[in-house]
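No lab work stands behind these numbers, since they all come straight from the coordinates. Here the structure is a predicted model, which means the values were calculated and not measured. Here the Cβ is made from the backbone with ideal geometry for all residues, glycine too, and neighbour counts use every protein chain on show.
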Amino acid sequence: MSKYDLLIKGGRVVFPYLGVRKVDIGIKEERISAISESLPSQEAIEVADAAGRFVFPGAVDSHVHIGIYRPLKEDATSESQSAASGGVTTILSYFRPGKNYLNKTGPYRELLPELLDLSKGSYVVDYGYNLTMNTESHIREIEWLVREGGVSTFKYYMFYKLLNLAGSSSDGMNYLMIDSPVDLGFLYKYMKEVSRVNELFKDYGRISLSVHCEEPEIIRATNEEVKVKPSGNPLKDYSDARPPWEEELAINEVSIIAENTGCPVNLLHLSSQKAVEAGKDVSSRYPELDFLLEGTLHHLGLSNDMDLGILAKVNPPIRSRQDVDYLWKSVLDGTIKTIVSDHASVTREIKKGNLWTSLPGFGGTSLMFPVLITEGYHKRGLPLHRIAELTASNPARYHNLFPKKGSVWVGGDADFAIVDIDEEKEVTLRDLHTAQDFSPEEGMKFKGWTKCTILRGKVIFEDGQIRTDPGYGKFVKRPVKLHGKL
Ligand SMILES: [Zn+2]
């Protein structure tokens, strides 16, 4: 019997928090079983030659929207293939009841089994869900969701608190299929319960609330101003219609409620200097609170002086070049702790309409390494081990997957992205392995492409091809310290 099922040989391994070292990695029964300067090939059934390449821990994309605009089952397959092609081995997908997604509401005791049923057999990478509570009875299910459901991250969308969503005719409550509003009073009750449950499970991890911080009452007014006097550049108009200071205001409101309830908060997709400064400010104002500041690939890779058109509409908007520079500074100095894609697969057809009516969002999970290695490592000197922290170990820690995921240690899941940091390629749709029929990054040149992706010891992507069937990806119950062996 062979000592290893798979041996990753000759690569330079990127250890989060430590640095890069040339070592071999032996894998047995889906986990890392040996890390050594040299392991003999004859002791392995299969050898992955990583010579000349960098071996990163498989990325954990902790902010994805599977099934938001397309049927969940097919979206899970196509978009988890996209993730796999980009070296992402675990995705955490946000789900909420209401329109889009499953187009229904109800108790999570019914919705979660349905969601997991649809997911089973559909994913090629491992996955978990982050859930939105829309009603007080949902809030009462939080403890059960952690204890039984394997869900440890929850979400609140601030801009659904208005009955009339700014800039569209949608009715917030109708959209969520609820009969009382998800206003700040609702958020207060929501945070109180997340805080209580966090205390209850504190030996096992961090139960947290992710918040999309944008203030709709302001957006309604600033939208009006821009609609009267558009500049002609749609992305700049969209940014002006949702100005950075409404993010700043929202972050302050949310943080004051968090302070009064003791709720751990994830400040999602900070897009602007003002938003990051607000995140830093509240972190130092309330040092006893646990804030995570999250950055997104598209806010780091795109700016509103680029000629991208309304296909790059997203909430919060793509900002100015100056904001992008500030975001990078915040990545380099460690203020931003995780980087995610906020991937939502759309097509031109789904996105049709004008700037104000077109649906927000687009995908980009497969560009995790190309964007960070090109813009971060090559252009700004971001060390490779920091890229491993931002993409794998930090999201795994904050969302209770660590050290099963996001680590390079004996006993952890053998999840890896083998990357050529110098290979330069133009982005083509074919290489993104997505169901999207466009990408804002199409035609841009990036260095740092994934050559091989390994999930629990199995090669799932290699030489530009997906190498596994839907269904290999498993649901990971979190906190992993509560729900089973590491
Ligand atoms: Zn999102």
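Just a few scattered comments:
- Debye intensity ratio I(q)/I(0), log10, segment 348-486, q values 0.15, 0.22 Å⁻¹ (C-alpha model): -0.92, -1.37
- Euclidean distance of C-alpha centroids, segment 243-320 and segment 330-371, integer Å: 14 Å
- Spread of Cα-to-Cα distances over 20 Å intervals beginning at zero, given as percent, for the chain: 25, 60, 14, 0
- Highest average packing first - 115-128, 429-442, Cβ atoms within 10 Å: 115-128, 429-442
- In the chain, helices alone account for a calculated mean residue ellipticity at 222 nm of -8000 deg cm²/dmol, with every DSSP H run of four or more residues adding -39,500 (n - 2.57).
- Expressed per residue, the C-alpha convex hull volume of segment 24-176 stands at 155 Å³.
- Label-to-label distance, nm, for residues given as S36 and K227 (7 Å Cα→Cβ offset): 6.9 nm
- Highest mean first, the peptides 370-378, 67-75 sorted by other C-beta atoms within 10 Å per residue fall in the order 370-378, 67-75.
- Sorting 352-361, 445-454 by average packing, meaning the other beta carbons within 10 Å per residue, from highest down gives 445-454, 352-361.
- Residues V324, V55, sorted so that the one with the fewest Cβ neighbours within 10 Å comes first: V324, V55
- Too-long pairs where the Cα-Cα distance tops 23 Å, listed order kept, from K28/K202; K120/K337; K425/K451: K28/K202; K120/K337
- Each other residue within a Cβ distance under 15 Å of P16 adds +1 if Lys or Arg and -1 if Asp or Glu, for a net charge of +4.
- What you get for the chain, charging only the Cβ of Lys and Arg (+1) and of Asp and Glu (-1), is a dipole of about 720 debye around the Cα centre.
- Simple spin-label estimate for E74 and S284 gives 5.1 nm between the two label positions (7 Å along the Cα-to-Cβ direction from each Cα).
- Among R196, R109, a tally of other beta-carbon atoms within 10 Å of each Cβ gives an order, fewest to most, of R109, R196.
- The lysines within cross-link reach of K227, meaning a Cα-to-Cα straight distance under 17 Å and a gap of 8 or more places when in the same chain, are K236, K313.
- Legend: ranking of residues T391, T468 from fewest to most surrounding C-beta atoms inside 10 Å; resulting order T468, T391.
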